[in-house]
Amino acid sequence: MFEAIIDFIRKIKHFSEAILALLLYQYPARKLKVIGVTGTDGKTTTVHLIYHFLNTANKKVAFISTVEARIGKKKIDTGFHVTTPNPWMVQRILKRLVKEGIEYVVIEATSHGLTQDRLLGCNFSIGVLTNITHEHLDYHQTFENYLTAKAKLFRNVEVAILNRDDKHFNYLKQTAKKAKIVSYGIDKSADFTPRKFKFKTSLSGEYNQYNCLAAIAATSSLGIKNEVIKKALLSFKPVKGRLEEINEGQKFRVIIDFAHTPNSLKQVLKTFRRQLPSRQSKLIIVFGSAGLRDVEKRPLMGKVAARLTDLVVLTAEDPRTEDVDEIIDQIAEGCQKGGGIEEKTFFRIPDRQEAINFAIQKLAKNNDIVAICGKGHEKSMCFGKKEIPWGDQRAAKKALIAKLKL
């Protein structure tokens, strides 16, 4: 009962804050065409793709993602840590967009942002879903609550872009009953498929095929011509921290990716597995799991890593106030249940820099792939209640430079 009262008070607080922000900035979204992108994985890449397509079509466009905000060609370093910004920042940015004559804005809509009314008054005309898999149950408590949070984006949109291959397609279709439904996927019954809309992209992996199709469906619904979209796809560069290669002249690949859910980890590792140049090449992964977040996903991620890689290095990833060794133990439990992996093939190194050093300097051989997952674009790591400056890119380069000097 007490928890229910606290939850109600929080909802009132979030709603009140959102209303005040709307009033202060005079509801700027009314003068914009707003596209919202939600889902468990692929949101950021899809946001950037839609922005790039519209920009290539010479539209006045901006975006707000968990990586950054961009107005035209100007970048705004938001410092976001994997979430939708608060309503004050959202409305302030939207107000600025209106003043600068922007017509379209693409917003990454997280489940937290939707549940806490941070996006209230954004007046979404198009809603885009990437997928819905296991994540954030620490906050939402049940998967049903998580699904409801994601569905909130589609209640009043004009057009709903839905993944036909996602098992929640019909549920979201019912939620978006006021909208025009446009589907995409590999399933031949979808409106947009690789066969119906043939395209080329430098982005690897089946999951990026889905991200591309979601962006294609969204921009096509805005009237952007096919030839413009195809041209934009050819020039699109991966988002920072998504399949980002670090090359200091070594004879093996080092790739940084934000994958931090069981599904995203599975997808990127399947992609890397296919890219190994020979049977002798090994796939090495360095990753952890965030503290004070979804506990259930930890062994699931360990299981995925054990099945799809050759060597696993478990380490810290925003442990916050939790014991990093206990988090690693929970992931390791999944590694042991994953099958095909022995104690000697996975390692526990709590210090993330030391873990990256070990993978690059001790484990990696010619033609191997070292995947560093979980942090991606992020510029800090949380220990206790403090954010410490951090970057996987910087850590990987440091390890590589030291190795090459040996």
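When the Gaussian network model of the chain links Cα atoms closer than 10 Å, the mean-square fluctuations of L97, L24, L283 top out at L24. When the P(r) is computed for the range 126-258, the part past 20 Å accounts for 54% of the Cα-Cα pairs. Counting only alpha carbon atoms, the long axis of helix 262-275 and the longest principal axis of the chain meet at about 60°.
By the equivalent-ellipsoid construction on the alpha carbon gyration tensor, the range 345-390 comes out with semi-axes of 24, 12, 8 Å, ordered largest to smallest. Within the same chain, aspartates and glutamates fewer than 8 places from K251 are excluded, and of the rest, those with a Cα less than 19 Å from its Cα are D310, D368.
Decide, for the range 2-235, between rounded, prolate and oblate: order the square roots of the alpha carbon gyration tensor eigenvalues as a ≥ b ≥ c, take rounded if a/c falls under 1.5, and otherwise choose prolate if a/b is larger than b/c, else oblate. Oblate, because a/c is 1.5 or more while a/b does not exceed b/c. Put in order of Cβ neighbour count within 10 Å, fewest first, the listed residues I93, I19 become I19, I93. Here the Gaussian network model covers the chain, with springs between Cα atoms less than 10 Å apart; of Y51, Y25, Y207, Y25 fluctuates the most.
The long axis of helix 87-99 is offset from the longest Cα principal axis of the chain by roughly 60 degrees.
Shown here for the range 305-406: GluC sites (Glu not before Pro) in loop regions (DSSP other than H, G, I, E, B) with at most 11 other Cβ atoms within 10 Å, namely E342. Selection among V312, S183, F143 by position relative to the dipole of the chain gives S183 as farthest towards the positive end (Cβ unit charges, Cα centre). Given the alternatives (i) 62; (ii) 27; (iii) 22, percent of Cα pairs over 35 Å apart as computed for this entry is given by (ii). The DSSP beta bridges internal to the chain are antiparallel in roughly 25% of cases. I'd like to know which of Y171, H48, S289 lies farthest towards the positive end of the charge dipole of the chain, counting +1 on Cβ of Lys and Arg and -1 on Cβ of Asp and Glu. Result: H48. Over 32 Å between Cα atoms: which of K237/K397; K173/K385; K73/K177; K13/K240 fall into that group? From K237/K397; K173/K385; K73/K177; K13/K240, over 32 Å: K173/K385; K73/K177; K13/K240.
Over all orientations, the range 235-375 has a Cα convex hull whose mean projected area works out to 8.5 square nanometres. When R307, R242 are arranged by Cβ crowding within 10 Å, least crowded first, meaning fewest neighbours, the order is R307, R242. Summarising the strand pairing of the range 244-405, around 25 percent of its internal DSSP beta bridges are antiparallel. For the cross-link pairs K60/K99; K43/K230; K152/K297; K59/K198, the ones whose C-alpha atoms lie over 18 Å apart are K43/K230; K152/K297; K59/K198. Fewest-first ordering of M89, M381, M301 by other beta carbons within 10 Å of each residue's beta carbon gives M89, M381, M301.
Each residue of the range 386-396 is assigned a 3J(HN,Hα), and the resulting list reads 10, 8, 9, x, 7, x, 4, 4, 5, 5, 5 Hz, derived from the Karplus form 6.51 cos²θ - 1.76 cosθ + 1.60 (θ = phi - 60°), x at Gly and Pro.
Each DSSP beta bridge with both residues in the range 2-235 is either parallel or antiparallel, and the antiparallel ones are about 20%. Tilt of helix 206-221 relative to the longest C-alpha principal axis of the chain, in degrees (0 to 90, nearest 10)? Helix 206-221 sits roughly 10 degrees off the main axis of the chain.
Every number here is computed from the coordinates shown, using simple stated rules; none is lab data. Bear in mind that the values here come from a model prediction, so they are computed numbers and not experimental data. Positions of Cβ are generated from backbone atoms using ideal geometry, with glycine treated the same way; all protein chains shown enter the neighbour counts.
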